[in-house]
Amino acid sequence: MKGAAYIHDYAAVCALGGTTAAVRDGLFAPEPARVCGSAEIIGGRQVPTGALPPGGLAPSDADSRCNRIADHLLAELGPAIARQIDAAGAARVAVVVGTSTSGVREGEAAMRARLHDGAWPKDFRYSVQELGDTARHVAMRTGARGPVFGISTACTSGAKSLASAARLIEAGLCDVAIAGGIDSLCALTLNGFAALDSLSETIANPFSRNRRGINIGEGGALFIVSDAPSGMRLAGFGESADAYHISSPDPEGRGAEAAMRRALERSAFAANDVGYLNLHGTATKLNDIMEAKAVSRVFGTDLPCSSTKPMTGHMLGAAGACEAAFSIMALERQALPAHLWDGERDDELPFIRLVDTRGETAALRRAMSCSYAFGGNNIALAFEAA
């Protein structure tokens, strides 16, 4: 199909676990864990966070937490990436990494030190805050010398890296791409979402009438993508920009619907070919309403859907990449990630089929993962198992 690309290997880390295997086991556990970290925001309030497991990152000399997460993922993917570089040549291997924080966490610490000491810390590298820094870091660590760039489109960043990888390959600009998304917890995002009245003081409760907003999380996922066939295909993607509002989605979900329909068209899937949909599912009032409307128009009421954010928190720039990994895991495991909530449906939302049963299995061949971001920036990724 047009723009088809293949996933050859991937690695993921998030609140569910410190390795890809642990994340997979946590995702399909009989009683999946909910986010259990916490952070203090301005005003002294404590809020839940999807922090990485304590001690979950491998030792690294990287000078930002996002780059440490990248090193942790590369520890798993390193041998597979080395084989791809040996086969294709370093100049034919691209790197595309989505993030919304990059080194903001380190910038915050440096500013605190400057205010206290009157000078910037000697080891602070200002460019660590640049949104392409983690892509640069991955290229440096792996030796990839093809196109290298970062994507920062808020909560679609990680998913868009996969679409960008497919486009680079289709255009002949590379043969292989290392693509994904990485974000770390920082005060800027926590307090920013609190200022928008979008941050919940309880665990996220997506699509419930009692939902109160998001929990922020951190994590990352990296993928090896090429046009050489493998057992997992990125069959298509669809993108849209409805530009309804700087932070609120189009209330009718027209942009989300357009992204899903374009992903179906590009992959040549019919709506009833898709066996599982990973929802964006932020548990904010406006997102859940528009998403339920869009999903019900595209897929009806029978498609199994779930939001995995109560398990991980909203990982922002990493969310789309990690949730793409979760969709691939569903295809590999032939199981449906559970939708964790209180079970109290909101009568304002059209009915969609939420996966309420833990450990539910299904004969899956195709799945879709959707992400929506500020500014009406929307993307849907379609995957197919061979």
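The values are calculated or read from the model by the stated rules, or taken from the named source; none is laboratory data. Nothing here was measured: the structure is a model prediction, and the numbers come from that model. As a convention, Cβ positions derive from the backbone with ideal geometry for all residues, glycine included, and neighbour counts pool all protein chains shown. All accessible areas refer to the heavy atoms of the entire protein, side chains included, with ligands and DNA or RNA removed. Shrake-Rupley method; radii C 1.70, N 1.55, O 1.52, S 1.80 Å.
Here are a few things to note about the model shown:
- Answer residue from the stretch 213-227, given it is within 16 Å of ALA177 (Cβ to Cβ) and either at pLDDT below 95 or more than 15 Å from the chain's Cα centre (by Cα) (or both) and is most open to solvent (accessible area, probe 1.4 Å) among those: ASP227
- Selection from the stretch 300-319 of residues that are within 12 Å of the chain's Cα centre (by Cα) and assigned to a strand (DSSP E or B): HIS314
- Only one of the numbered conditions (1) surrounded by fewer than 24 Cβ atoms within 10 Å (Cβ to Cβ); (2) in a loop (DSSP other than H, G, I, E, B) is not met by PRO337, and that is (1).
- Total residues in the stretch 82-114 satisfying the condition of being out of contact with any strand residue (DSSP E or B) (no Cβ under 6 Å at 6 or more places or on another chain) and surrounded by fewer than 24 Cβ atoms within 10 Å (Cβ to Cβ): the figure is 18.
- Sub-6 Å Cβ pairs linking a first residue in the stretch 145-157 that is farther than 9 Å from LEU131 by Cα and in a loop (DSSP other than H, G, I, E, B) to a second residue that is charged (D, E, K, R) and open to solvent by 50 Å² or more (accessible area, probe 1.4 Å), at least 6 apart or interchain, are GLY146/ARG92, ordered by first then second residue.
- Selection of first residues in the stretch 266-294 that are under 15 Å from SER198 (Cα atoms) and in contact (Cβ under 8 Å) with a residue 12 or more places away in the chain and of second residues that are part of a loop (DSSP other than H, G, I, E, B) and aromatic (Phe, Trp, Tyr), restricted to Cβ pairs under 8 Å at least 6 apart or on distinct chains, gives the following pairs, ordered by first then second residue: GLY281/PHE207; ALA283/PHE207; ASP288/PHE207.
- Taking the conditions (1) under 17 Å from the mean Cα position of the chain (by Cα); (2) aliphatic (A, V, I, L, M); (3) within 22 Å of THR202 (Cα to Cα) in turn, LEU286 satisfies each one other than (1).
- Listed by first and then second residue, the pairs with beta-carbon distance under 8 Å, at least 6 apart or on different chains, first residue in the stretch 179-193 and more than 19 Å from ASP71 (Cα to Cα), second surrounded by 23 or more Cβ atoms within 10 Å (Cβ to Cβ) and among the basic types (Lys, Arg), form an empty list.
- Residue check for VAL23: part of a strand (DSSP E or B) and surrounded by 18 or more Cβ atoms within 10 Å (Cβ to Cβ): no
- Screening PHE374, PHE269, PHE383, PHE299 for residues that are surrounded by fewer than 21 Cβ atoms within 10 Å (Cβ to Cβ), within 29 Å of SER184 (Cβ to Cβ) and aromatic (Phe, Trp, Tyr) leaves exactly one candidate, PHE374.
- Failed item, numbered, when ASP123 is tested on (1) in contact with a strand residue (DSSP E or B) (Cβ under 9 Å, 6 or more places away or on another chain); (2) over 16 Å from ALA187 (Cβ atoms); (3) part of a loop (DSSP other than H, G, I, E, B): (1)
- Test: ALA179 is open to solvent by less than 30 Å² (accessible area, probe 1.4 Å) and touching a Phe, Trp or Tyr at 6+ places or on another chain (Cβ under 6 Å): yes
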